[in-house]
């Protein structure tokens, strides 16, 4: 038991230590809001795409593709989304809270926290599986988020904002870099070593910088005592990972693939849900509170989940 608990702690603790340092550095003035904003943009537009591209061009996609994992994840995510959007959101009295609740409960921060979890648990060898999962699910998450926020917005006239949000999905640097890496790998183009080494230097910056900026972006004053916050946090940290992971176990997923499925689901709510909520007229204060609460709460729940999966020899 202690061995399994130690394994779980070694995956989550370093990640949340860096998040905590981001919070501390922000409070003592070593990191500013502007630094966190620019650093997050650099990660999203440059270093993380470089990390994914460099790893993917060196991967053989003709064999051992995680097709079963990805197909199940898509079906399970859509099913969970429909349950949240059609059944539970209607219980909220404030219309502007409904789409925010749904997005906060199902949308994970896969590109930063989820990927960091996977690398910490399984090492560099998991990048190909995690990247394919990331590419498909990032696209799906963005589409579902636009659908629920549009459906539950209080005011009309957001056609331009919706089109802009959909265009941003197409232009997403993560999706573009993953697509480029997969295509180059399949075609068999040899990428010059100097480009791979340069991209590798950027890739090494990704997780420390991303986690520091994510920590600096957490604003504790944005917590609010409201049922939508409690429901979204409970759904994101407990019920959604539990339902999707249980389904994966029943389907026969084990080891690395089950680990990727769980760790991506267990990651806290994606930070990008805040600007999307603002653009589409949702309750952005609630969105910020969900991001902050799930970022802090996932330390305990993710550690517990990894401990249980490890104890039952599923990963």
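Does region 240-258 include one or more residues that are at pLDDT 85 or above, assigned to a helix (DSSP H, G or I), within 25 Å of residue 31 (Cα to Cα) and in contact with a helix residue (DSSP H, G or I) (Cβ under 8 Å, 6 or more places away or on another chain)? No, every residue in region 240-258 fails to be at pLDDT 85 or above, assigned to a helix (DSSP H, G or I), within 25 Å of residue 31 (Cα to Cα) and in contact with a helix residue (DSSP H, G or I) (Cβ under 8 Å, 6 or more places away or on another chain). Of all the criteria given as (1) assigned to a helix (DSSP H, G or I); (2) more than 27 Å from residue 132 (Cβ to Cβ); (3) in contact with a helix residue (DSSP H, G or I) (Cβ under 8 Å, 6 or more places away or on another chain), the one not satisfied by residue 298 is (2). Being within 24 Å of residue 209 (Cα to Cα) and either at pLDDT below 80 or touching a strand residue (DSSP E or B) at 6+ places or on another chain (Cβ under 6 Å) (or both), is that true of even one residue in region 141-164? Within region 141-164 (the criterion being within 24 Å of residue 209 (Cα to Cα) and either at pLDDT below 80 or touching a strand residue (DSSP E or B) at 6+ places or on another chain (Cβ under 6 Å) (or both)), the answer is no, since none of the residues qualifies.
So which of 11, 23, 18, 28 is at pLDDT 80 or above, surrounded by fewer than 15 Cβ atoms within 10 Å (Cβ to Cβ) and either in contact with a strand residue (DSSP E or B) (Cβ under 7 Å, 6 or more places away or on another chain) or farther than 22 Å from residue 176 by Cα (or both)? It is 28. When we screen 280, 309, 286, 263 for residues that are more than 22 Å from residue 69 (Cβ to Cβ), crowded, with 20+ Cβ neighbours inside 10 Å, modelled with pLDDT of 85 or more and in contact with a helix residue (DSSP H, G or I) (Cβ under 8 Å, 6 or more places away or on another chain), the only hit is 286. Residue 175 passes every criterion in (1) surrounded by fewer than 18 Cβ atoms within 10 Å (Cβ to Cβ); (2) at pLDDT 70 or above; (3) under 21 Å from the mean Cα position of the chain (by Cα) apart from (1). With respect to residue 33, determine if the residue is exposed (fewer than 15 other Cβ atoms within 10 Å of the Cβ), within 30 Å of residue 148 (Cβ to Cβ), touching a residue at least 24 places away in the same chain (Cβ under 8 Å) and more than 20 Å from the chain's Cα centre (by Cα). Yes, satisfied.
When 74, 70, 78 are checked against the criterion of being in a helix (DSSP H, G or I), surrounded by fewer than 16 Cβ atoms within 10 Å (Cβ to Cβ), in contact with a helix residue (DSSP H, G or I) (Cβ under 7 Å, 6 or more places away or on another chain) and at pLDDT 85 or above, 74 stands alone in meeting it. Just so you know, in region 81-104 the residues that are in a loop (DSSP other than H, G, I, E, B) and out of contact with any helix residue (DSSP H, G or I) (no Cβ under 7 Å at 6 or more places or on another chain) include one that is farthest from residue 195 (Cα to Cα), and it is 93. The residues in region 105-120 that are in a helix (DSSP H, G or I) and buried (at least 22 other Cβ atoms within 10 Å of the Cβ) can be counted, and the count is 11.
The values are calculated or read from the model by the stated rules, or taken from the named source; none is laboratory data. Model, not experiment: these values are computed from the prediction. Every residue, glycine among them, receives a Cβ derived from its backbone with ideal geometry; neighbour counts consider all protein chains shown.
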